[in-house]
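J.: Okay, here's the structure, questions in a sec.
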Amino acid sequence: MARIKLDLPDKLPFSIEIPIRISDINYGGHLGHDAILPLTHEARIGFLASMGYNEGNIEGLTYIMSDAVIVYKSQAFHGQTLTIEVGVRDFGRKSCDFVYRITNRDTGIEVARAKTGMVFFDYKEGKSVEVPPRFRARFSG
């Protein structure tokens, strides 16, 4: 079976620290796969807020998730804290990818990498729309 690879740059522009909650732990006693996506969501909200946005208003628009990829690297446990770095790349006409590097702050070991594909959407019109030029420009260069 081919393994999924998710290459990331050495540095992503935003990071946030999030403690691992008991509800993030699975029956194996470590961070569960089902906890990763909500953790990336929390980090993405912090990233957007750092730029003056929120999920309901990115230059007057919002987005919907079109796909997600998670690549696991190591275990993490309750009581530890994760550092989640966030960036944006791979712009299409109506979409972009948010990428995440999740590291165990306490050990320095990478826990996971993730990507969420987002399509910009106008709920009033009920259709996908082009990426706001000003948002795209923030990540050009």
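J.: Helix 33-50 against the longest principal axis of the chain: what's the angle in degrees, Cα atoms only, rounded to the nearest 10?
T.: 50 degrees
J.: How much length would be gained if the chain were fully extended between residue 1 and residue 91, taking 0.36 nm per residue of separation minus their Cα-Cα distance, in nm to one decimal?
T.: My answer for the length gained is 29.5 nm.
J.: Starting at 0 and stepping by 10 Å, how many percent of the alpha carbon pairs of the stretch 53-141 end up in each bin?
T.: Here the calculated profile for the stretch 53-141 is 16, 40, 26, 16, 2.
J.: Using only the alpha carbons of the stretch 1-122, determine the length spanned along each of the three principal axes and report them from longest to shortest in whole angstroms.
T.: Largest to smallest, the principal-axis extents are 42, 35, 27 Å.
J.: Please report how far the C-alpha centroid of the stretch 36-64 lies from that of the stretch 71-93, rounded to the nearest whole angstrom.
T.: Here the two parts' Cα centres lie 15 Å apart.
J.: Amide H of residue 106 versus every other amide H placed in the peptide plane: which residues, excluding those fewer than 5 positions away on the same chain, fall under 5 Å?
T.: Sorted by chain and number, the residues that satisfy this are 81.
We did not get these values from a lab; they are worked out from the coordinates using the rules stated. Nothing here was measured: the structure is a model prediction, and the numbers come from that model.
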